[in-house]
1. Across region 103-112, what is the total count of residues that are in contact (Cβ under 8 Å) with a residue 24 or more places away in the chain and either touching a Cys at 6+ places or on another chain (Cβ under 9 Å) or surrounded by 10 or more Cβ atoms within 10 Å (Cβ to Cβ) (or both)?
2. Show me the strands (runs of 3 or more DSSP E) found entirely inside region 1-102 where at least 2 residues are β-branched (Val, Ile, Thr), without any contact (Cβ under 8 Å) to a residue 60 or more places away in the chain and within 30 Å of Ser117 (Cα to Cα).
3. Just to be sure I understand, how many residues within region 29-59 are among the small types (Gly, Ala, Ser) and within 12 Å of the ligand (Cβ to nearest atom)?
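Please treat every number below as a calculation from the coordinates, not as lab data. Owing to the predicted nature of the structure, the values given are computational and were not obtained by experimental measurement. For neighbour counting, all protein chains shown are included, and Cβ atoms are generated from backbone atoms with ideal geometry for every residue, glycine included.
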Amino acid sequence: MSDYNWCHGPHCHTNQTQSRVRGSGDNKVLRTIKIKHGRYNGYQNGIWDYFCNQSCLMDFIREHLSSLIAIAPRREALETPIKVVKEKYESYRYEWNSNNEHERVPYTATKTIIKNSS
Ligand SMILES: [Zn+2]
């Protein structure tokens with residue numbers, strides 16, 4: 001296995017950047033970016049071993065979307081079992097009082113906490 005990949009962005013070689021210019025004299029080209037394997041130590045499952053940047057990644061997804069979806073189609077919703085806990089806590093809000101002053105008024109608020117049931 002080689003220690004680099006070519007960027008899989010379908011339009012990578014059309015971006016006009018100096019880092020893509022190769023060749024000499026009148027035979028210059030814009031070339032796909034060469035990516036060193038493991039350049040970000042497997043960050044995000046190594047996706048950046050195959051794409052030089054987010055633009056190339058999105059171009060790839062747009063061009064191959066139907067193929068990508070066909071690999072793992074989602075035909076029904078997934079569900080995660082949870083426990084919902086309501087918790088009361090002291091909070092405050094501001095109201096105008098009869099003297100036309102902004103007044104801090106305490107009240108009991110409720111927050112919903114979602115907990116994984118597993
Ligand atoms: Zn690229």
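1. Here the count works out to 1.
2. Once the strands (runs of 3 or more DSSP E) in region 1-102 are filtered for at least 2 residues that are β-branched (Val, Ile, Thr), without any contact (Cβ under 8 Å) to a residue 60 or more places away in the chain and within 30 Å of Ser117 (Cα to Cα), what remains is 82-96.
3. Here the count works out to 1.
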